[in-house]
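Rule-based calculations on the coordinates, nothing more; no lab input. Source: prediction; values computed, not measured. Heads up, the Cβs are rebuilt from the backbone with ideal geometry, glycines too, and the neighbour counts pull from every protein chain shown.
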Amino acid sequence: MTVDKSLIHEVNQSLGRCILHSGFMEKFYTNFKASHPSIPPFFVKTNMATQHKLLKEGITFLLMSAGGSAFAQTEMKKLGVRHDPSHLNVKPELYRYWVEALMKTVKEFDQNFTAELDKKWRTALQIGIQQMIDSYQTPQKLA
Ligand code: HEM
């Protein structure tokens, strides 16, 4: 399943506006960690500067994958394995905190944010999120 490319384009532009502000990724992790007590312990040993760069890439892959990019779909598969029960063990119920923290941060940073754009973001994210949850429930080895 893929999402209409013009929707992905709009969401990508919104991401671009957010990332222009240097504090975007930092604020996302502040919001994410504050959203549920089980989140901060995951990141105690994380180099957050590196993580900010990796997540920027990760969100781009997630959006490109929803738009139908085969390369991004392979990258999403790898991310699914990284978060599965044998690796980071990120339980499916934690993804909604990730989405809410991201949307809260986008709302704060994108000067063109609207309720309609919020909906578009969520539509674009949904496929990749479901893929990560499926990887958790049916862990796969990478080919
Ligand atoms: C679709 C949503 C998510 C995306 C796109 C995403 C993306 C990423 C990326 C790109 C990395 C770096 C991978 C690498 O090390 O090569 C990563 C690592 C990580 N993610 Fe996620 N993630 C998501 C959801 C979550 C959630 C819900 C949690 C829950 C706490 C989480 C916890 C972590 C942790 C603990 C790491 C490793 C940090 C470290 O290396 O110390 N992620 N994630």
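When you scan segment 59-74, do you find a residue that is out of contact with any helix residue (DSSP H, G or I) (no Cβ under 7 Å at 6 or more places or on another chain), away from the ligand (no atom under 12 Å from the Cβ) and either within 22 Å of R122 (Cβ to Cβ) or of a type in the set (K, R) (or both), even just one? Within segment 59-74 (the criterion being out of contact with any helix residue (DSSP H, G or I) (no Cβ under 7 Å at 6 or more places or on another chain), away from the ligand (no atom under 12 Å from the Cβ) and either within 22 Å of R122 (Cβ to Cβ) or of a type in the set (K, R) (or both)), the answer is yes, since at least one residue qualifies. Taking first residues from segment 52-79 that are within 21 Å of F28 (Cα to Cα) and among the β-branched types (V, I, T) and partners that are more than 8 Å from the ligand (Cβ to nearest atom) and in a helix (DSSP H, G or I), the Cβ contacts under 7 Å between residues at least 6 apart in sequence or on separate chains come to I59/L15. Within segment 78-113, the residues that satisfy the criterion of being assigned to a helix (DSSP H, G or I) and of a type in the set (K, R) are K78, R82, R96, K104, K107. For K45, indicate whether it is more than 13 Å from the chain's Cα centre (by Cα), over 26 Å from S14 (Cβ atoms) and not hydroxyl-bearing (S, T, Y). Against the criterion (more than 13 Å from the chain's Cα centre (by Cα), over 26 Å from S14 (Cβ atoms) and not hydroxyl-bearing (S, T, Y)), K45 qualifies. If only residues of segment 43-53 that are near the ligand (Cβ under 6 Å from one of its atoms) and loosely packed, with under 14 Cβ neighbours inside 10 Å are counted, the one that is nearest to M132 (Cα to Cα) is F43. Kindly indicate whether any position in segment 60-77 is assigned to a loop (DSSP other than H, G, I, E, B) and of a type in the set (V, I, T). No: zero hits.
Exactly one residue out of K33, K27 is touching an Asp or Glu at 6+ places or on another chain (Cβ under 8 Å) and in a helix (DSSP H, G or I), and it is K27.
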